[in-house]
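For reference, the structure discussed in these notes is given below.
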Amino acid sequence: MKDTVTIVTGGARGIGEAIAKFLAEKGGNIAIFDIIDGYDVVEAIKQKGVEAKFYKVDVSEYKVVEGAVDDVVKTFGRLNNLVNNAGITTDKLLIRMKEEDWDRVIKVNLKSVFNCTKAAIRHMLKTGGSIVNISSIAGVMGNIGQANYAASKAGIIGFTKSIAREYGERGIRVNAVAPGFIKTQMTDTIDEKTKEEMFRAIPLKRLGEPMDVAHVVYFLVSEYGSYITGEVINVNGGLYM
Ligand code: NAP
């Protein structure tokens, strides 16, 4: 990862924070885009001897994203990798799901991936690079109460494969990671009974940690993943296979 620059969206906490810190551990420079404060995370990353910068960015707004991406290239001199990780849920059965719930989740989870990739790829065309999009087990198998979320995450997979086909010959690899149940604030709100049921269904008999996802993202952006593109890697303890 030495001398590389990676943007991690939603990198101020949870899975994104783990990804940002692990890539920095491996020597990569990091730009974090998030709507919550990520200054502490960036300070912790700098302690690892790499460069890091926090950008308060709503990734669902194209113009804001474009400005921040341009600043990353100006500040760091290049852009090698993009990890589209920011995401939200507004879980409800379809009958109770409001139009705003649908629109918001699609905008934050799916349009953001278009926004960041479109803004970043112009720069990556010069150097080649790697893009990793964080999808979800819900995007590959569906989930009760998550019609909007699952649709956004399935959309990410179609987007991933299309962009992988479009830019493969320009040296840009594009892959998706589909995590199962990972312990973060996003899953904190799930009730104990549902967690217990999920736990029983996981062959590896443990919930996932943010680092389980970070390790796979590192593999994909590093030279170890150099012949992989258009792929969706499940990181779910066997919950879906
Ligand atoms: P998290 O703890 O909620 O972290 C997500 C981060 O993204 C938060 O800091 C969040 O800020 C930020 N974010 C939300 N909307 C944003 C926006 N418009 N612009 C910029 N940043 C924004 O979630 P996580 O569990 O780490 O999940 C990370 C990714 O993995 C998500 O895409 C999620 O769908 C996916 N995933 C998670 C799991 C799991 O079990 N945790 C499973 C499968 C897939 P706010 O706090 O303001 O929302």
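The values are calculated or read from the model by the stated rules, or taken from the named source; none is laboratory data. The structure displayed is predicted, hence computed values, not measured ones. Cβ sites come from the backbone with ideal geometry, for glycine too, and all protein chains shown count toward neighbours. To get the accessible areas, we keep the full protein, side chains included, count just its heavy atoms, and leave off ligands, DNA and RNA. Shrake-Rupley method; radii C 1.70, N 1.55, O 1.52, S 1.80 Å.
Summary of computed values
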quantity	calculated
Carbon and sulfur %, accessible surface of region 5-235 computed with the full protein complex present, 1.4 Å	54 percent
Modelled FRET efficiency - R0 30 Å, Lys56 with Arg96, Cβ distances, 0.05 increments	0.40
Rounded to the nearest 20 debye, dipole of region 90-233 from Cβ charges on Lys, Arg, Asp, Glu	340 debye
Long pairs among Lys56/Lys92; Lys63/Lys118; Lys48/Lys126; Lys26/Lys153; Lys63/Lys111, criterion Cα-Cα beyond 18 Å	Lys56/Lys92; Lys48/Lys126; Lys26/Lys153
Chain lengthening between Tyr39 and His215 when straightened (0.36 nm per residue, less Cα-Cα)	61.1 nm
Accessible area expressed per residue, the chain, with surrounding protein chains retained (probe 1.4 Å, Å²)	48 Å²
Dipole of region 5-235 [Lys/Arg +1, Asp/Glu -1 at C-beta], most positive-end residue of Ile95, Ile157, Phe33	Ile157
Kyte-Doolittle mean at least -1.0 and Cα axial length at least 18 Å: DSSP H helices in the chain	62-76, 112-127, 147-167
Kirkwood Rh, Cα atoms: Rg over Rh of region 5-235	0.95
Projected label distance in nm at Glu169 and Gln185, using a 7 Å step from Cα toward the beta-carbon	4.5 nm
